[in-house]
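A short reminder: the numbers here are calculations on the coordinates, not readings from a lab. All of these numbers come straight from a predicted model, not from anything done at the bench. Cβ: placed from backbone, ideal geometry, glycine included. Neighbour counts: every protein chain shown.
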Amino acid sequence: MSAMKKTNKKLVTKIYYHEKADSSQVQRIQARNPGMPSQVFKSNKELPMWGNLKGQKRLETERGILVLRNQSSWINQFDSIPKGAICRKFWKINAYSGCNFWCEYCYLFKTHWNTPFSTHYVNYGKMLQTLHKVDQSLLQPRLFNSGELGDPLAIESVTGWAEYTIPEVGKMKHVRLLILTKSDEVDGLLNLPHKGKTIISFSLNTERNAKGFEHRTPSPEERIIAGKKAKDAGYPVRVRIDPLFFYPGWREDYGRLVEMIYTHFKPDVITLGEYRPDKGLIGHVKSRFPKSDLMSIQQQLIDDAGKWRFPDPERVDMLKHVKQEILRHDSKAKIAICKESKDVWSKVGLNPSPLVCNCA
């Protein structure tokens with residue numbers, strides 16, 4: 001695993017807000033963060049640039065700040081599905097772009113390679129107007145994933161976006177909100193009138209992988225405890241064990257993780273996914289985590305439908321083993337596999353029809 005210096009756990013050190021960003025929300029966020037430095041800007045050229053910085057210095061520059069601006073398109077449909085993979089074209093709500101956590105394998109390093117800052121969109125009025133319009137047009141529930149392009153709870157204490165949005169979604173008839181997170185910041189959400197219309201999904205991994213790859217995040221146990229709190233508060237709670245890594249001792253580690261989950265609560269759905277980086281991601285990883293174990297793991301992967309993956313024997317073995325561990329605790333568990341072929345589903349012993357997964 002990478003040997004990184006201990007960092008300040010404070011995820012945001014400065015706020016930059018666009019001159020045309022919704023002033024009422026900018027002021028509200030500033031009031032939530034007294035003493036936090038903030039600065040107005042007109043163009044991206046005025047934001048800190050990483051230049052030739054690498055490693056931790058680069059991360060501190062690009063992921064230590066929070067950019068506030070308006071969003072022009074609040075919702076859209078995900079359609080980047082790998083060839084042959086089973087995946088619903090789920091809907092996204094675009095409240096965040098980028099993330100202040102430092103997960104080594106994060107695909108956002110490639111997705112946002114030219115603007116790698118954590119951005120929060122603050123024209124909430126347009127967001128609610130868009131959601132209400134969609135809600136009125138729907139005949140059945142539709143889930144909107146807020147965790148595809150950033151972690152919607154990572155800096156909840158800074159922005160208060162979920163605290164603002166969840167009660168509003170609770171008033172709607174068909175709109176449902178999905179919060180996918182590695183955070184444990186749920187305390188401010190527990191007494192909100194969510195009416196069961198917001199689903200909180202916790203992304204989990206083994207203690208070894210969390211310590212080695214998921215920097216500045218709460219521990220797996222802290223996230224699981226947050227999941228129990230949310231479940232006790234009446235929220236539907238899902239779990240995503242993703243990405244799975246193949247390494248000596250992985251069976252025991254993932255077995256312990258599943259046991260820890262069920263010791264605290266029973267998830268409504270569990271989705272599994274193996275490490276499957278896009279081509280080109282490893283270069284972005286190397287510029288930030290030059291000693292990452294992902295460099296050696298890359299040598300184990302094969303080209304499969306436009307992504308790098310563990311070969312079938314290993315990946316099927318991992319997915320099947322974790323599935324069996326889950327069923328040992330809950331024989332009726334709803335289990336899904338993320339972005340895998342029908343053949344892999346079959347080899348793992350799962351049926352994708354009807355498809356029940358994290359994002360739909």
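Rounded if a/c is under 1.5, else prolate if a/b beats b/c, else oblate: with a ≥ b ≥ c from the C-alpha gyration tensor eigenvalues square-rooted, which is the range 72-156?
In terms of gyration-tensor shape, oblate.
Just going by the charge dipole of the chain, with Lys and Arg at +1 and Asp and Glu at -1 on Cβ, which of 292, 257, 15 is farthest out on the positive end?
Result: 15, furthest along the dipole toward the positive end.
Based on Cβ point charges of +1 for Lys and Arg and -1 for Asp and Glu, what charge dipole magnitude is obtained for the range 19-144 about its Cα centre, in debye rounded to the nearest 20?
In total the dipole reaches around 200 debye.
Give me the log10 of I(q) over I(0) for the chain at q = 0.12 Å⁻¹, as the Debye formula computes it from C-alpha points; what are the numbers?
For the chain, the Cα-only Debye profile gives -0.91.
Going by the alpha-carbon gyration tensor, a ≥ b ≥ c the square roots of its eigenvalues, is the range 235-321 rounded (a/c under 1.5) or, if a/c is not under 1.5, prolate (a/b greater than b/c) versus oblate? Before the final figure, lay out the partial values.
Details: a/c = 1.92, a/b = 1.78, b/c = 1.08.
Cα axes put the range 235-321 in the prolate bin.
Considering only DSSP beta bridges whose two residues both sit in the range 225-360, what percent are antiparallel, to the nearest 5?
Antiparallel bridges make up about 35 percent of those DSSP assigns within the range 225-360.
Take the alpha carbon gyration tensor of the range 211-360, find the square roots of its eigenvalues, order them as a ≥ b ≥ c, and report rounded if a/c is under 1.5; if not, report prolate when a/b exceeds b/c, else oblate.
Values: a/c = 1.83, a/b = 1.28, b/c = 1.43.
The shape class here is oblate.
Unpartnered cysteines of the chain (Cβ-Cβ under 4.7 Å counts as a partner)?
87, 99, 338, 357, 359
Would you mind working out the magnitude of the charge dipole of the chain relative to its Cα centre, with +1 at each Lys and Arg C-beta and -1 at each Asp and Glu C-beta, to the nearest 20 Debye?
520 debye
Kindly put 329, 120, 18 in sequence by how many other C-beta atoms sit within 10 Å of each C-beta, fewest to most.
Neighbour counts put them in this order, fewest first: 329, 18, 120.
Give the residue from 51, 65, 134 lying farthest towards the positive end of the charge dipole for the range 32-167; charges sit on Cβ (+1 for Lys and Arg, -1 for Asp and Glu) and the dipole is referred to the Cα centre.
51
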